[in-house]
Amino acid sequence: MNVLLIIFLYLLVLLALGWGSSRLFRGTSKDFFVASHSIGPFLLLMSVFGTTMTAFALVGSTGKSFERGIGTYGLMASISGLVHMAIFFLIGIRLWSLGKRHGYLTQIQFFRERFESRGIGYLLFPILVLLVVPYLLIGIIGAGKVIEPVTAGAFPAIFVNPTIPAWAGGVPPWLSGLVICLVVLTYVFIGGSRGAAIANAFQTLVFMGMGMVAFYFVVQSLGGLEQAGKVPMRINEKGDVVQDYRYEPEAGELLANVPPKIIGKVTDFSNSNLTDTHPHLAREAVQVEFKKKNPKTKELEPIEREIGIPFITFVTYLFIPLSVGMFPHLFQHWLTAKNARAFKLTVIAHPLCIMIVWVPCVLIGSWASGLLPPGIPPPAVLSAMLDLLVGDPLLTGLLTAGVLAAIMSSLDSQFLCLGTVFTNDIVVYRAGKDAHSDQKKLQIARTFIVVIVAATYLLAMALKNANVFDLAIWCFSGFAALFPLVFAALYWRRATRAGAIASIVAALISWAYFFHKSGYGGEYFVGPGIVPAAICFFLSAVSMVLVSLITKPPTQSTIDRFFPTRS
Amino acid sequence: MKIFWTVFIVLLFLHQDFWNWASEDGIALGMPRGLLYHAFFSLACSGLGAWAVFRAWPDEWEQYAEQSEEDAEGGEQSGSMSGSE
């Protein structure tokens, strides 16, 4: 019950923040959509960072490191620090400047004018919605997966049909998803983008803080950093994968397993260099076969897993973080900035914020490989480690609040963004700028946000067993494939309407092809381990260049409008 | 901006630290070498961001956003803004 109480209190604080920020609301559509360009450096950093980090940041990073080891940090975090920082500096400031000068509220408004095309908006709108919706699903499904296990046993008489028997009495995903949606909807509905920015800032501080608190307690329980470094699973001289330690919660001690507990076997042990290594502490790819108990038959079944990361996968993963350049909700956050100087803190501190959140989670994930059963679902690793090593309901409640904070700080921006895009790029664009009063525009946006929240909630319930983290990578891949569009729009005068359309179509077709090949959302690599986003990006970029070069250049007035500085 | 792009490409190369690939030696500050290297890499990214902010800030884009359309018409007739891309 303590856990539930902390979650309840946290949601109440969020509602109070929403109410507080609604008192700053100026009542105009511009204030609702982009906070009247009034957000300063700190709020911008927190809202941009909170928006780009989802449940992936705490739960996903720990789970991925449990599976693949410390290479997870370089694969996803440190490269994001570099690429995101460069995008904020090279793309974000220019888009903010053009948006403020010409009054853009959405990406599509910018692309329509830059490429002199009405049609590009109608082409982009369904694609952006298609890619944002899975991102929303990640949050709602993820929240359900987090809350049910930590509240198990709270209401045994009411919730009698748990996802798995061990979680009986826990708050079911349909209820937690509904509550999360209603809370986010409330503060976005009344506070608009300013409300979302303030709530984001608070939630970002919460999930950064909770990550560090969890790390501190885990390290204490393992006997310090140095001792914790010896805990990950090891390969012995016979090629067996063993756990050298176990944690006794009652004694509160880390004890040596004598003899070491065998949990798996390296499938090809011809490489004797692997003897006495901890595969989670390096990145050399090693195939290991584990045994996992089938919950229905109770029999042990083999599962094969690759620990480490193939080099080609590591290299081509750099295309994934390019996605932030095309996130429509991030475009909207950029436009909330009071001035260009507000970006300075974000450009400098974003890589550091990533490091603060990801390093502890990646370490916990690699240590977990030496203590937890190998068959545990990766998203459950962080809470299982806390449960094993700390076992304190207060801390579990606070950490759950932190995970929810990471989830909701992305959900709010995405809901708001879809309302903004629909209102401005479809309704207002078709009817004409002056056809609707400002109040009417607000009403349309809010109505659409309610509709999209309801539709997303229903979809999330229908797909509640989907692997949310693989889905996230597909979502990022789609946006990354569209990156050549925004880069060419800002940096290449010769980029034409036909080139832009060809680029979008190439990205869409190649992404859809690989998504189909993956079985609609599974982990998928091309050839020796190339991420599909790299190929989609390449095809999109080549289409943009080739088609632009053989079609009529943009008009001089458009070039003057979008390239005002002397080159 | 040439310096920014050069350092960016150098960092892209340094990110692919194949020389640390199979090594789990040298745990320092409680971290294996590969992770510690990438934590310092994050610091270097922040350093590049700081350099960009203090030495390559796009003032011309800031001015462009703050100008009114009327000012701009006059300005654009007499040429283009100062600064470089």
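Values quoted throughout were computed directly from the atomic coordinates according to the rules given, and no laboratory measurement underlies them. The model shown is predicted, which means the values in this text are computed figures rather than measured ones. For neighbour counting, all protein chains shown are included, and Cβ atoms are generated from backbone atoms with ideal geometry for every residue, glycine included.
Annotations for the structure displayed:
- Within the stretch A:281-386, the GluC sites (Glu not before Pro) that combine a DSSP coil assignment with at most 13 other C-beta atoms in a 10 angstrom radius are A:Glu299.
- Here the Karplus relation 6.51 cos²θ - 1.76 cosθ + 1.60, evaluated at θ = phi - 60°, turns the backbone of the stretch A:394-399 into coupling constants of 5, 5, 4, x, 5, 5 Hz, with x for every Gly and Pro.
- Computed over chain A: relative contact order in percent, which uses C-alpha pairs under 8 Å that are six or more apart: 28
- Per-selection Rg to Rh, the stretch A:5-99 - Cα, Kirkwood hydrodynamic radius: 1.07
- Using alpha-carbon coordinates, inclination of helix A:41-52 to the longest axis of chain A, degrees: 60
- Tilt relative to chain A, helix A:93-102 - C-alpha long axis, 0 to 90 degrees, to 10: 30
- Take each residue of peptide A:80-90, count the partner chain Cβ atoms within 10 Å of its Cβ, and average: the result is 6.
- Relative to its residue count, the protein assembly as shown spans a Cα convex hull of 149 Å³ per residue.
- Per-selection Kirkwood Rh - the stretch A:232-307 (Cα, Å, 1 d.p.): 13.5
- The separation of the stretch A:526-567 from the stretch A:353-367, counted between C-alpha centres, amounts to 36 Å.
- Count Lys and Arg as plus one, Asp and Glu as minus one, and take only other residues whose Cβ is under 9 Å from that of A:Gly308; the net charge is then 0.
- Estimated from the Cβ-Cβ distance and a Förster radius of 60 angstrom, the FRET efficiency linking A:Phe8 and A:Ile550 is about 0.45.
- Electrostatic bookkeeping for A:Val34 treats Lys and Arg as +1 and Asp and Glu as -1; over the other residues with beta carbon under 15 Å from its beta carbon, the sum is +3.
- Karplus-derived HN-Hα couplings along the stretch A:74-88 (A = 6.51, B = -1.76, C = 1.60, θ = phi - 60°), whole Hz, x at Gly and Pro: x, 4, 10, 8, 5, 5, 5, x, 6, 5, 4, 4, 5, 5, 4
- Annotation: amide H-H contacts under 5 Å for A:Lys292 (H modelled 1.01 Å from N, sequence separation of 5 or more, or interchain): A:Glu301, A:Ile303.
- Put simply, when A:314-320, A:483-489 are sorted by average Cβ atoms within 10 angstrom per residue, most first, you get A:483-489, A:314-320.
- Residue mean of other protein chain beta carbons inside 10 Å, A:69-77: 5
- The stretch A:232-307 - charge dipole about Cα centre, Lys and Arg +1 at Cβ, Asp and Glu -1, debye rounded to 20: 300
- The residues packed around A:Leu75, meaning those with a beta-carbon under 11 Å from its beta-carbon, carry a net charge of +3 if Lys and Arg are +1 and Asp and Glu are -1.
- Between the amide H of A:Thr277 and those of A:Ile235, distances stay under 5 Å, these residues lying 5 or more places away or on another chain, with hydrogens modeled in the peptide plane.
- When each of the peptides A:30-36, A:140-146 is scored by the mean number of other C-beta atoms lying within 10 Å of its residues, the order from highest to lowest reads A:140-146, A:30-36.
- Loop trypsin sites (Lys or Arg not before Pro), the stretch A:419-479, which have at most 11 other Cβ atoms in a 10 Å radius of their Cβ (DSSP): A:Lys433
- The stretch A:441-567: translational diffusion in µm²/s, Stokes-Einstein, Kirkwood Rh over Cα pairs, 37 °C, 0.692 mPa s: 193
- Hydrodynamic estimate: the Kirkwood radius of the stretch A:502-567 over Cα pairs, inserted into Stokes-Einstein at 37 °C and 0.692 mPa s, corresponds to D of 233 µm²/s.
- Computed about its Cα centre, the charge dipole of chain A is approximately 2340 debye, with only Lys, Arg, Asp and Glu carrying charge at their Cβ.
- Whole-Hz ³J(HN,Hα) from phi, Karplus 6.51 cos²θ - 1.76 cosθ + 1.60, for the stretch A:381-389, glycine and proline x: 5, 4, 5, 5, 5, 5, 5, 6, 8
- Residue pairs, from the table A:Lys64/A:Lys298; A:Lys338/A:Lys552; A:Lys344/A:Lys464; A:Lys298/A:Lys517, whose Cα atoms sit over 30 Å apart: A:Lys338/A:Lys552; A:Lys344/A:Lys464; A:Lys298/A:Lys517
- If you look at the Cα atoms of the stretch A:118-175, you get an Rg and a Dmax of 17.8, 57 Å.
- The angle between the Cα long axis of helix A:2-22 and the main principal axis of chain A comes to about 10°, on a 0 to 90 degree scale.
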